[in-house]
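Notes to accompany the following structure.
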Amino acid sequence: MAGVRYQTQALVLRTAPLGEADRIVTLLAADGRKLRAVARGARKSRRRFLGCLELFSHLDVTVASRPSSQLERLEEAVLRDGHQAIRGELKRFTQACYALELCEAFTVEGDANTGFWKLLADVLGLLDQRALRDVELCYLELRVLQVAGLNPDFSACLGCGRRQSPRWYADRAAAGLYCSDCHQRIGPAHELGQAAVDLLRSLAARRLPAADPPSKLLEQASRLLRQLVDEQAGRVIKSRGQLDLASR
Ligand SMILES: [Zn+2]
């Protein structure tokens with residue numbers, strides 16, 4: 001059976017060497033599908049995909065899919081936007097890598113979800129201008145979960161439904177919150193204040209605070225979101241290490 005050739009815009013999520021001459025490129029297509037394609041000759045001849053196969057490059061690609069294989073073939077790539085400004089600053093570069101890895105972790109091969117394309121294109125566009133604020137990183141983490149269809153609910157206690165509590169507690173999976181009275185039933189837990197929970201609620205409602213929240217409050221929210229992301233991804237997001245080093 002013959003394969004199908006098609007053209008699409010795509011963002012480069014990841015590349016890895018394949019043998020002596022080729023590369024495997026993981027792409028996010030404009031319909032939000034993740035695909036993996038072999039770029040033949042990409043290692044041997046630099047001219048073949050000149051400057052195209054760099055992380056977060058925005059490309060026009062021609063891809064041939066083969067019914068017998070999960071791997072597609074990258075036939076042609078033309079650079080639309082290399083996001084060069086992002087590469088010039090370590091903090092922005094590590095934030096972009098983190099955004100890519102988050103999207104890669106939550107996209108499923110062959111599963112179209114335009115939300116991921118929109119989210120990643122928006123983040124890279126913003127990173128062309130400036131680095132993300134810490135609260136925007138929290139927002140990114142939460143948005144990735146939402147776009148993936150996971151909607152963490154911070155609106156009320158999972159035990160009794162109350163909306164205000166002196167302290168809040170999230171269980172290991174961090175998928176919901178318990179109030180001071182109910183938290184005994186979940187064992188060891190992350191502890192948060194009401195202000196951190198209010199911040200999570202605004203972010204979940206897609207409202208970004210205009211001013212940066214106090215760092216202690218951000219830390220509480222961030223710790224919970226990262227736990228939730230890793231739990232849902234089924235692994236630790238690796239690029240977070242570099243991200244934290246670069247933002248010190
Ligand atoms: Zn409760």
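The values are calculated or read from the model by the stated rules, or taken from the named source; none is laboratory data. From a predicted model like this one, the values you see are computed outputs, not experimental measurements. Here the Cβ positions follow ideal geometry from the backbone for every residue, glycine too, while neighbour counts run over all protein chains shown.
So which residues in segment 198-248 are polar (S, T, N, Q), surrounded by 12 or more Cβ atoms within 10 Å (Cβ to Cβ) and touching a residue at least 12 places away in the same chain (Cβ under 8 Å), if there are any at all?
Scanning segment 198-248 gives GLN220, SER222, GLN227, GLN232, SER239, GLN242, SER247.
Taking the residues in segment 26-70 that are loosely packed, with under 15 Cβ neighbours inside 10 Å and small (Gly, Ala, Ser) as candidates, determine which candidate is nearest to ALA16 (Cα to Cα).
Among those residues, the one meeting the criterion is GLY41.
Pull up segment 159-182, narrow it to residues that are out of contact with any strand residue (DSSP E or B) (no Cβ under 7 Å at 6 or more places or on another chain) and more than 6 Å from the ligand (Cβ to nearest atom), then point me to the one that is nearest to GLY193 (Cα to Cα).
Only one residue fits best here, namely PRO166.
Quick test of your reading of the structure: ARG248 fulfils all but one of (1) within 19 Å of the chain's Cα centre (by Cα); (2) outside the structural domain of SER155 (by TED's automatic domain parsing). Name the failing condition by number.
The failed condition is (1).
Suppose we keep only residues that are within 16 Å of the ligand (Cβ to nearest atom) and not polar (S, T, N, Q) within segment 136-158. Which one would you say is farthest from ARG33 (Cα to Cα)?
Within segment 136-158, the match that is farthest from ARG33 (Cα to Cα) is CYS157.
Scan segment 85-106 and tell me whether some residue there is within 16 Å of the ligand (Cβ to nearest atom), within 18 Å of ARG206 (Cα to Cα) and out of contact with any Phe, Trp or Tyr (no Cβ under 6 Å at 6 or more places or on another chain).
Taking every residue of segment 85-106 in turn, none turns out to be within 16 Å of the ligand (Cβ to nearest atom), within 18 Å of ARG206 (Cα to Cα) and out of contact with any Phe, Trp or Tyr (no Cβ under 6 Å at 6 or more places or on another chain).
Can you spot a residue in segment 156-165 that is in contact (Cβ under 8 Å) with a residue 60 or more places away in the chain and either among the charged types (D, E, K, R) or at positive phi (or both)?
The answer is no, given that none of the residues of segment 156-165 is in contact (Cβ under 8 Å) with a residue 60 or more places away in the chain and either among the charged types (D, E, K, R) or at positive phi (or both).
Checking the conditions here, which among PHE49, PHE93 is within 25 Å of ALA148 (Cα to Cα) and not in a strand (DSSP E or B)?
Just a single option satisfies the conditions, and that option is PHE93.
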